[in-house]
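One structure is given here, and the rest of the page talks about it.
Rule-based calculations on the coordinates, nothing more; no lab input. These numbers come from a predicted model, not from an experiment. Here the Cβ positions follow ideal geometry from the backbone for every residue, glycine too, while neighbour counts run over all protein chains shown.
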Amino acid sequence: MNFRKYKFTYQLFNLFKRKQLKYNIPYYKKYGLNKKYFSSISSEDFVNIDSPLNLYDSIDSNDEISKNPNFDSLKNSVKTSVLDWSKKGYVILENFFTEQEIDLCNKEIEKFLKEGKVKFKYNSKIMFAFRQSKILKSMGNDKRLLKILSMLMNKKVNLFQSINFIKGSQQRTHSDSIHMTTFPYGNLIAVWVALEDIDSTVGPLHYYPGSHKLPYVLNRDYDNVGSKFKLGNKTYADYEDQIEKIVGENNLKKKVFLAKKGDVLIWHANLLHGGEKVINTHGTRKSMVFHYYTNDAICFHEITQRPTLKMYTK
Ligand SMILES: O=C(O)CCC(=O)C(=O)O
């Protein structure tokens with residue numbers, strides 16, 4: 001028997017995680033869901049509830065965002081990118097982190113790997129290194145960055161996760177909202193940081209401008225709903241195939257981010273993105289992703305129907 005396919009496996013595990021899960025309880029009440037902190041949760045619980053939109057998913061940032069008190073302090077190139085947030089679903093901040101900041105970050109990761117403090121998961125990902133590193137944490141909580149993120153979301157955000165890469169991920173196109181789902185939808189935002197100059201041979205990041213406006217692809221969209229006791233039986237590749245189909249049907253145009261060391265790309269919770277194929281297998285593609293949640297949403301993992309464990313660190 002594959003216990004991972006049964007919801008009770010996760011419920012049992014979560015029974016001992018009240019502290020990290022209780023943040024969802026007031027929102028279960030708000031949306032009239034009869035759930036405990038350890039209960040399974042997925043988009044199926046919200047099929048009859050309208051998902052309120054975030055400000056710049058309902059009105060165009062081009063018309064309004066310049067009224068934000070922090071807007072005037074932005075560089076002109078950033079202002080242009082921020083104004084286009086509603087339309088494009090991403091913002092580029094060139095040369096955002098200094099050479100010194102990036103070098104310190106790379107040294108920290110090297111040291112952590114050498115000491116065995118972190119290891120690779122899912123092939124190429126070093127997960128949550130920021131929890132052990134003041135250097136990474138202070139980059140994720142950079143005040144200028146947080147100001148821009150809260151401007152785009154029109155509310156405060158909290159750093160939830162870091163992922164470090166040494167090589168290109170080659171991850172197929174996806175939306176983060178299948179992994180870090182929220183209700184209301186869209187209460188996640190991501191920041192991708194180039195930790196060195198990146199060329200087309202080492203598997204750069206790709207993304208599809210405007211794809212965040214497409215409907216969120218959730219379990220029911222690839223026949224992965226499951227039953228009362230069991231999770232759906234589709235694979236992650238089935239999800240990726242569905243996304244590939246949507247990209248084709250909508251004739252979406254891909255962009256590849258040939259970033260310079262210190263450049264940042266911020267993406268919307270539903271922007272489709274992934275990693276290009278690695279051609280130069282000897283080359284590195286050092287980069288880091290930060291994910292942030294807002295404080296006013298239920299957070300869960302759609303595929304395994306688990307509520308998200310939040311371990312915010314100061
Ligand atoms: O950096 C990459 O290649 C992809 C990263 C990514 O897809 C993610 O963190 O969601």
- Message: Being in a loop (DSSP other than H, G, I, E, B) and among the acidic types (Asp, Glu) is the filter here; which residues of the range 39-55 pass it?
- Response: Asp50
- Message: I'd like to check something: does the range 275-287 contain any residue that is in contact (Cβ under 8 Å) with a residue 60 or more places away in the chain, touching a helix residue (DSSP H, G or I) at 6+ places or on another chain (Cβ under 7 Å), buried (at least 20 other Cβ atoms within 10 Å of the Cβ) and outside any helix (DSSP H, G or I)?
- Response: yes
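Would you confirm whether or not the range 166-177 contains a residue that is within 16 Å of the ligand (Cβ to nearest atom) and basic (Lys, Arg)?
Yes: the range 166-177 contains one or more residues that are within 16 Å of the ligand (Cβ to nearest atom) and basic (Lys, Arg).
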- Message: So, Ile189, is that one within 27 Å of Ser200 (Cβ to Cβ), among the hydrophobic types (A, V, I, L, M, F, W, C) and touching a His at 6+ places or on another chain (Cβ under 9 Å) or not?
- Response: yes
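Return the total of residues in the range 253-274 being in a loop (DSSP other than H, G, I, E, B) and closer than 30 Å to Asp45 by Cα.
Count: 4.
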- Task: Kindly indicate whether any position in the range 144-156 is at negative phi and touching a Lys or Arg at 6+ places or on another chain (Cβ under 7 Å).
- Result: yes
- Task: Return only the number of the condition from (1) within 19 Å of the chain's Cα centre (by Cα); (2) among the aliphatic types (A, V, I, L, M); (3) closer than 26 Å to Val202 by Cβ that Leu258 does not satisfy.
- Result: (1)
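Table: residues versus (1) near the ligand (Cβ under 10 Å from one of its atoms); (2) within 21 Å of Leu74 (Cβ to Cβ).
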{"residue": "Asn154", "(1), (2)": "no, yes"}
{"residue": "Thr182", "(1), (2)": "no, no"}
{"residue": "Asn187", "(1), (2)": "no, no"}
{"residue": "Leu195", "(1), (2)": "no, no"}
{"residue": "Pro204", "(1), (2)": "yes, no"}
{"residue": "Gly210", "(1), (2)": "no, no"}
- Message: Cβ contacts < 7 Å: first residue at positive phi, restricted to the range 246-274; second residue within 13 Å of the ligand (Cβ to nearest atom) and of a type in the set (A, V, I, L, M), any location; separation 6+ or different chain. Result?
- Response: Gly262/Ala194
- Exactly one of (1) of a type in the set (Gly, Ala, Ser); (2) away from the ligand (no atom under 16 Å from the Cβ); (3) surrounded by 17 or more Cβ atoms within 10 Å (Cβ to Cβ); (4) assigned to a loop (DSSP other than H, G, I, E, B) is unmet by Ser150. Its number? (4)
- Among the residues of the range 127-143, is there at least one that is without any contact (Cβ under 8 Å) to a residue 40 or more places away in the chain, in a helix (DSSP H, G or I) and crowded, with 21+ Cβ neighbours inside 10 Å? yes
- Hey, does the range 1-22 have a residue that's closer than 20 Å to Lys155 by Cα, part of a helix (DSSP H, G or I) and out of contact with any His (no Cβ under 6 Å at 6 or more places or on another chain)? no
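Table: residues versus (1) assigned to a loop (DSSP other than H, G, I, E, B); (2) within 21 Å of the chain's Cα centre (by Cα); (3) surrounded by fewer than 22 Cβ atoms within 10 Å (Cβ to Cβ).
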site	(1), (2), (3)
Val193	no, yes, no
Asp199	yes, no, yes
His206	no, yes, yes
Pro209	yes, yes, yes
His212	no, yes, no
Val217	yes, yes, yes
Asp221	no, yes, yes
Lys228	yes, no, yes
Lys234	yes, no, yes
- Query: What number of residues in the range 69-127 are within 16 Å of the ligand (Cβ to nearest atom) and at positive phi?
  - Reply: 3
- Item | Residue within the range 56-64 that is in a loop (DSSP other than H, G, I, E, B) and either among the acidic types (Asp, Glu) or free of Cβ contacts under 8 Å to residues at least 24 places away in the same chain (or both) present | yes
